[in-house]
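Okay, so here's the structure we're looking at.
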């Protein structure tokens, strides 16, 4: 499975962090590939990165245009739009169809999204086994959300044999990519000794990293474990 080329992702990440203005990013991307530039423009409008406010209608227009120019990533973007609504009526089935089309053409992040659809039974018949298959494939390409989700599958024993140790392995990979939920889950694993030796200091450290990113469940739990520690 392939992800967007590094130069595109790097520039988009700079927009997210405020290091580059969105308009400047679009102009630079146009030098490489018009379809990709329009796709990332759509992402900026979808998440409100480098542009304000969030404009899902504009994001939808960008994704449709990028799709017409052959962007596989735009199929994923359209899936996001249909999944959440805004710009178009929310439609789980249509979202699933777009994610699946992107997966067939090798887009890893769409495979993670497809796994979520299978896991929740949204737009498709629920299947934990199919969800795990998608999570594994996407996780192997480095998609942090998929690594976190696969860890949860191992932890809960849904669609795969339960293994706290493998859950910790997955969450560790995602946490290294600063995935906030994975950091919290990994923190809990260390704090309570699930799949790893108890290390409360390490557990609180991971929880703090998650909370520092604004993840509310981590903020709340961090207060509770500190009070009870």
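The values are calculated or read from the model by the stated rules, or taken from the named source; none is laboratory data. On a predicted model such as this, the values are computed, not experimentally measured, just so you know. We place every Cβ from the backbone using ideal geometry, glycine too, and count neighbours over all the protein chains shown.
Can you tell me which residue in segment 160-182 is surrounded by the fewest Cβ atoms within 10 Å (Cβ to Cβ), limited to those that are more than 20 Å from the chain's Cα centre (by Cα), touching a residue at least 24 places away in the same chain (Cβ under 8 Å) and in a loop (DSSP other than H, G, I, E, B)? For segment 160-182, the residue satisfying everything is 163. With the structure loaded, tell me whether residue 151 is farther than 30 Å from residue 85 by Cβ, in contact (Cβ under 8 Å) with a residue 12 or more places away in the chain, touching a helix residue (DSSP H, G or I) at 6+ places or on another chain (Cβ under 7 Å) and assigned to a helix (DSSP H, G or I) or whether it fails that test. Taking the combined requirement at face value, the residue does not satisfy it.
For residue 6, the conditions (1) modelled with pLDDT of 60 or more; (2) under 18 Å from the mean Cα position of the chain (by Cα) are fulfilled apart from (1). Would you confirm whether or not segment 186-206 contains a residue that is surrounded by 19 or more Cβ atoms within 10 Å (Cβ to Cβ) and within 19 Å of residue 128 (Cβ to Cβ)? The answer is no, given that none of the residues of segment 186-206 is surrounded by 19 or more Cβ atoms within 10 Å (Cβ to Cβ) and within 19 Å of residue 128 (Cβ to Cβ).
When segment 109-148 is filtered for residues that are assigned to a helix (DSSP H, G or I), in contact (Cβ under 8 Å) with a residue 60 or more places away in the chain and within 11 Å of the chain's Cα centre (by Cα), the ones remaining, listed by number, are 109, 111, 138.
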